[in-house]
Amino acid sequence: MNAMKKTDSEYREKLSDIEYQVARKAATEKPFSGRFWDHWDNGDYVCVCCGTPLFSSDSKFDAGCGWPSYSTPKDGNSIAEIKDQSHNMMRTEVRCVNCDAHLGHVFDDGPKPSGLRYCINSASLEFKSNDSEEIKKSSAQEK
Ligand SMILES: [Zn+2]
């Protein structure tokens with residue numbers, strides 16, 4: 001058994017309602033409603049379902065669209081891109097490779113050099129700060 005994979009009811013228990021609807025049911029959170037569209041700390045954004053690192057704060061930019069936007073994934077191998085023709089639009093959906101969580105969509109109107117904009121739901125992400133308490137403590141002791 002793959003310990004990273006969970007059943008639907010396990011996800012329902014672990015995740016908040018909006019996290020479950022977005023990550024497991026491919027819903028989209030309202031713009032400017034999520035926890036990360038205006039969040040600029042240094043660190044990694046990981047999958048809310050399985051903890052896989054997906055995006056780094058280094059590639060995050062303000063697209064003005066109300067969702068967290070990234071120019072590149074942290075590791076291209078952790079993201080699956082799937083053609084999505086729902087809502088009469090040709091879009092590319094992005095998912096977590098490890099657990100199949102819906103993350104958002106990728107568009108080709110992003111900043112150079114990638115030219116890509118990964119438009120991701122905050123509800124599909126968790127943030128892991130680079131400035132952990134331990135690092136802060138050890139640098140304080142050196143002074
Ligand atoms: Zn995942």
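Near the amide H of ASP84, under 5 Å away, which other amide H atoms are found, from residues 5 or more places off or on another chain, if H is placed in the peptide plane?
Here the answer is ARG91, THR92, GLU93, since their amide H atoms fall under 5 Å of that of ASP84.
Taking LYS60 as the anchor, which aspartates and glutamates have their alpha carbon closer than 16 Å to its alpha carbon, excluding any fewer than eight residues away along the same chain?
ASP38, ASP41, ASP44, ASP75, ASP108, ASP109, GLU126
Ranked highest first by the average count of other Cβ atoms within 10 Å around their residues, in what order do 49-58, 117-126 fall? The partial results should precede the final answer.
Values: 49-58: 19.4, 117-126: 25.2.
Final packing ranking: 117-126, 49-58.
Taking amide H atoms as placed 1.01 Å from N in the peptide plane, list the residues 5 or more away in sequence, or in a different chain, whose amide H sits under 5 Å from that of ASP100.
Correct list: empty.
Residue by residue, what Karplus-based ³J(HN,Hα) values in Hz, rounded to whole numbers, does region 102-109 have, using 6.51, -1.76 and 1.60 with θ = phi - 60° and x for Gly and Pro?
Values, residue by residue: 6, 10, x, 9, 10, 10, 9, 10 Hz.
We did not get these values from a lab; they are worked out from the coordinates using the rules stated. Predicted, not measured: the structure shown is a model, and the values here were computed from it. Quick reminder, even Gly has a Cβ in these numbers, built from the backbone with ideal geometry, and neighbours come from all protein chains shown.
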